[in-house]
Amino acid sequence: MARHYHQGLFKPKFPEKYVGDVNNIYYRSGWEKKFMNWCDSNPNVLKWNNEELVVPYISPVDMKPHRYFVDFVIMVKTRSGELKKYAVEVKPESQTVPPKQRSKKTNKYINEVATYAVNQAKWKAADEFCRQKGLDFIVLTEKHLF
């Protein structure tokens, strides 16, 4: 079954809020596009960018160093007026929970296990990295976006 991914260039209505090249904002899913629209239109989001934060991590699949490009960094003004910075990853809920064990170890199952393991390694590294930089790291799923 062919998969159809929703990808493209995002054109912000408020380009002054975007930190980076406003002509090169690329979304890789409909969920990322939805989050970009939220960042762009929400008056409490003061600044945002896409795939600008790079976090080194070791992949548990090949035990080699890799670079993880976190989906977004946003600066928001909270209800109390405080400024907070968040590193935000947008992922399907299915990739945030361990795959259900199956009796047959199909290629699909092996890929799901590998994806989950790599995501966990990325997010652990990102959480530690962000804490050192004064950011909070969060993972948002479709449950948060809809």
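Below are the figures for this structure:
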{"read-out": "Subset of the stretch 1-48 [loosely packed, with under 11 Cβ neighbours inside 10 Å, modelled with pLDDT under 95 and among the basic types (Lys, Arg)]", "value": "ARG3"}
{"read-out": "Residue among HIS66, HIS6 that is in contact with a Ser or Thr (Cβ under 9 Å, 6 or more places away or on another chain) and either over 22 Å from LYS143 (Cα atoms) or among the charged types (D, E, K, R) (or both)", "value": "HIS66"}
{"read-out": "Test: residue in the stretch 105-112 that is over 25 Å from LYS143 (Cβ atoms), polar (S, T, N, Q) and at pLDDT below 95", "value": "yes"}
{"read-out": "Test result for VAL88, at pLDDT 95 or above, under 22 Å from PHE35 (Cβ atoms) and out of contact with any Leu (no Cβ under 8 Å at 6 or more places or on another chain)", "value": "no"}
{"read-out": "When residues of the stretch 49-88 are limited to those that are within 13 Å of the chain's Cα centre (by Cα) and aromatic (Phe, Trp, Tyr), the one surrounded by the fewest Cβ atoms within 10 Å (Cβ to Cβ)", "value": "PHE69"}
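The values are calculated or read from the model by the stated rules, or taken from the named source; none is laboratory data. Just so you know, these numbers come straight off a predicted model, no measurement behind them. Don't worry about glycine lacking a Cβ; one is built from the backbone with ideal geometry, like all the others, and counts go over all protein chains shown.
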